[in-house]
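Rule-based calculations on the coordinates, nothing more; no lab input. Computed from a predicted structure; not experimentally measured. So basically every Cβ, Gly included, is an ideal-geometry build from the backbone, and we count neighbours across all protein chains shown.
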Amino acid sequence: MNCAPNGALALQKLGFDFASAKGVRLENWETVDGSSLEQIRNQDISQADKTIGAPFCAIHRNDLFQGLLALARLSDAKPEDEGRSIDLVLNAKVVDVDAEKGVVRFADGSSQEADLIVAADGIHSTIRPFVVDPAEDTSADTGLAAFRFLMPDAVLQKSPAAQRLLARKANGVGLYVDTASGGGEKHITWYACRG
Ligand SMILES: Cc1cc2nc3c(=O)[nH]c(=O)nc-3n(C[C@H](O)[C@H](O)[C@H](O)COP(=O)(O)OP(=O)(O)OC[C@H]3O[C@@H](n4cnc5c(N)ncnc54)[C@H](O)[C@@H]3O)c2cc1C
C-alpha cells in the first residue's frame, strides 16, 4: 500500500522503522492516459520529508502490521513509557460496547474496562452504532471498489507490453487513468514493493 507523508509522519512519531519494514521511498507520482500512455502530469514527491517531515512510501500491508506489532510488543518499555507496551488480546470478537461506562464485551462472554475505547473496527463497524445513532450515521456506499495484487518483476518482464511500461517507469507511482470511459473512476495504480 502507499503511505502518504502525513501517515508516515504519524508512524515515525510512534517509532515505526520504515527501513526494517522494507518500505520503498516513492519519488514521483505520474498520471498517465491509460489509452495513449501519454503523460498527463508528473508530480515530484521526492522532497516530502523536507516539506512535510516524512517521505511518501510504499509498504507491504503485512510489513506494516508486523512493524506495528513489534512496536506494540516493545519489551523494553520503562515506567516513563507508559502506554508503550500493550497487552494484545487477539481473536476476540467485540459484540457490545457501553461507551458511557467504558466496557467492551466479547463473544466469549468476557469483557474489558477502559477509560478510553478506540473503535477501529473498519467499514462494517460493530461498535459505531453504540457511539453514533444509526439514524444519524450518514456513511453510504459510494459504489466504488478497489482490488490489489502483487506481481513478481519476473512475470512482468515476460510481457512485451509490461516491459514497455517498466521502461518508462521512474521510482514512484504510476496512475493509469481510463479516459476513454468518459470521466469514470476507473484507474490502475502501480508501484514497487519491498525494493
Ligand atoms: C484494495 C485496497 C487498497 C487500499 N490501498 C490503500 C493504500 O495504498 N494506502 C492507504 O493509506 N489506504 C489504502 N486502503 C485503505 C485502508 O486499507 C483503510 O483505510 C484502512 O485499512 C482502514 O483501517 P481501519 O483500522 O479503520 O479498518 P480495517 O483495516 O478494516 O481494520 C478493522 C479491523 O477490525 C477488526 N474487526 C472488525 N469487526 C470486529 C469486531 N466485532 N470485533 C473485533 N475486531 C473486529 C477486523 O478484523 C480488522 O482487523 C486500501 C483499501 C483497499 C480495500
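What lysines could a cross-link reach from LYS13, if we take a straight Cα to Cα line under 17 Å and drop same-chain neighbours fewer than 8 places away?
LYS50
Just want the answer: with Cβ charges of +1 for Lys and Arg and -1 for Asp and Glu, which residue in LEU11, LEU71, LEU166 is farthest toward the dipole's positive end in the chain?
About the Cα centre, the residue reaching furthest to the positive side is LEU166.
Enumerate the aspartates and glutamates that LYS186 could reach by cross-link, defined here as Cα to Cα under 14 Å, with residues fewer than 8 away along the same chain left out.
Qualifying aspartates and glutamates at Cα under 14 Å: ASP33, ASP178.
Skipping prolines and chain starts, which residues have an amide H placed within reach, meaning under 5 Å, of the one on ASP96, given they are 5 or more residues away or on another chain?
The list, which skips near neighbours in sequence, is ARG105.
Taking LYS158 as the anchor, which lysines have their alpha carbon closer than 21 Å to its alpha carbon, excluding any fewer than eight residues away along the same chain?
Filter leaves LYS169.
What per residue convex hull volume, in Å³, do the alpha-carbon atoms of the chain yield?
Expressed per residue, the convex hull around the Cα atoms of the chain is 190 Å³.
What percent does the relative contact order of the chain come to when contacts are Cα pairs within less than 8 Å and at least six residues apart?
Once divided by the residue count of the chain, the mean separation gives 27 percent.
May I have the pair-distance distribution P(r) for the stretch 91-136, computed from all Cα-Cα distances with 5 Å bins from 0 and rounded to whole percent?
5, 22, 32, 27, 11, 3, 0
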